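Beneath this line is the structure, given in structure tokens, with notes to follow.
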Amino acid sequence: MQIQFNGDIKDISAMLVSAERYALGRMSYIVSWTCNVIMKNLHLITENDKQVMIADIERCKDYGHDIDKMCWGELLEALKK
């Protein structure tokens, strides 16, 4: 299904950063959902925002549960590629 988004790539990219920052450190389903959505849409993230996400994830002191830490690790690896 096609959707229309009233904005540009920079807006979508910024929203994905906002979602990442909201979910980082939480211990709920939102972590895996957010990581999965971001990984499916890496093509929509600007290079600058990728670097922001990488720094956020690397600086995080508490990723939540082990399963959350695994999700963040997978996203970090995908962002660095």
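Collect the residues in region 36-75 that are under 18 Å from Asp11 (Cα atoms), surrounded by fewer than 17 Cβ atoms within 10 Å (Cβ to Cβ) and acidic (Asp, Glu), keeping them in residue-number order.
Glu47
Could you check region 1-25 and list, in sequence order, the residues that are surrounded by 14 or more Cβ atoms within 10 Å (Cβ to Cβ) and at pLDDT below 95?
The answer is Gly25, and nothing else.
So Gly64 fits all but one of (1) assigned to a helix (DSSP H, G or I); (2) touching a helix residue (DSSP H, G or I) at 6+ places or on another chain (Cβ under 8 Å); (3) of a type in the set (Gly, Ala, Ser); what number is the exception?
The single condition Gly64 does not satisfy is (1).
Looking at (1) open to solvent by 30 Å² or more (accessible area, probe 1.4 Å); (2) assigned to a loop (DSSP other than H, G, I, E, B), which is the only condition Trp33 fails?
For Trp33, the failing item is (2).
The values are calculated or read from the model by the stated rules, or taken from the named source; none is laboratory data. If you're wondering where the values come from, they're calculated on a predicted model, not measured in any experiment. Backbone-built Cβ (ideal geometry, glycine too); neighbour counts: all protein chains shown. Side chains are part of the model used for accessible areas, which takes the heavy atoms of the whole protein and leaves out ligands, DNA and RNA. Shrake-Rupley method; radii C 1.70, N 1.55, O 1.52, S 1.80 Å.
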